Amino acid sequence: MLKQSRLLLFMDEATASVDSQTDAVIQRIIREDFAARTIISIAHRIPTVMDCDRVLVVDAGRTKEFNKPSNLLQRQSLFGALVQEYANRSTGL
């Protein structure tokens, strides 16, 4: 993170062990401070990936979908099902 490379920042579950509020703060900082870089992030939290340029959905080790989140939400997709499940669980809290 300290090197000023414009090419890549790779994160594997960077905020997996923090609460949702802290995750939101960290994600905002990443988006702002690394806006000019390519970011590859492995994430399981839906809000973490909603504003990404592309989402890769993997199921049982195989690529199932790869597209803009907005495109995946416009049709029936695994990603859309995950977003819907997240929304259902969030409203039930």
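Considered as a group, the residues in segment 16-61 that are under 11 Å from the mean Cα position of the chain (by Cα) and more than 19 Å from A81 (Cβ to Cβ) include one that is modelled with the highest pLDDT, and that residue is D53. One residue stands out in segment 49-93 among those that are part of a helix (DSSP H, G or I) and of a type in the set (S, T, Y): the one that is surrounded by the fewest Cβ atoms within 10 Å (Cβ to Cβ), namely T91.
The values are calculated or read from the model by the stated rules, or taken from the named source; none is laboratory data. Please read all numbers here as calculations on a predicted model, not as lab measurements. Ideal geometry is used to build each Cβ from the backbone, glycine not excepted, and the neighbour counts take in all protein chains shown.
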